[in-house]
Amino acid sequence: MMYFEKDLVNKAIALIDGKSKSDELKAFTDVNDINNMIRNLQINRDYQWDAIKLNQRLREEYPSIEKLLNLGRSMVNNSVGNNTIYDVVSAIIAELNADKYGIYVDVLLKHEVINDMKEFIEKVD
């Protein structure tokens with residue numbers, strides 16, 4: 001599991017919210033879509049296919065998402081196995097949350113708040 005620097009997460013949210021009418025409109029909309037989809041999934045499992053399509057679209061539009069996940073995977077101690085078992089909805093929600101943090105890191109890099117994705121990651125376990 002990856003943990004992110006709380007101050008940088010808050011900075012990304014502020015940048016997205018503060019710039020929602022200009023250059024960060026897409027990020028603002030996408031983060032809202034993620035949050036709404038997570039809420040919908042928690043109420044009704046029938047949203048699974050829509051959530052998967054949203055996840056696929058975001059992964060295509062934001063290369064930072066996959067880069068951040070790969071960076072986290074490279075930082076984890078692989079000697080300790082991850083025995084966490086997820087049901088389908090929980091797995092989709094985890095993927096959507098990863099998308100959200102990938103968008104946050106994308107915004108921080110774009111606004112030069114950070115120069116390297118590693119700065120965004122607090123720890124990985």
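Here's a check for you: in region 9-23, which residue that is open to solvent by 30 Å² or more (accessible area, probe 1.4 Å) and of a type in the set (A, V, I, L, M, F, W, C) is nearest to VAL105 (Cα to Cα)? So, considering only residues that are open to solvent by 30 Å² or more (accessible area, probe 1.4 Å) and of a type in the set (A, V, I, L, M, F, W, C), the one nearest to VAL105 (Cα to Cα) is ILE13. The sole residue among ASN70, ASN55, ASN40, ASN35 that is among the polar types (S, T, N, Q) and within 15 Å of VAL105 (Cβ to Cβ) is ASN70. Taking first residues from region 56-80 that are at pLDDT 95 or above and partners that are part of a loop (DSSP other than H, G, I, E, B) and of a type outside the set (Ser, Thr, Tyr), no Cβ contact under 8 Å between residues at least 6 apart in sequence or on separate chains turns up.
The values are calculated or read from the model by the stated rules, or taken from the named source; none is laboratory data. A quick note: this is a predicted structure, and the numbers were derived from the prediction, not measured. Neighbour counts run over all protein chains shown; Cβ positions are idealised from the backbone, glycine included. Each accessible area value is taken on the protein alone, full model and side chains, heavy atoms only, with ligands, DNA and RNA left out. Shrake-Rupley method; radii C 1.70, N 1.55, O 1.52, S 1.80 Å.
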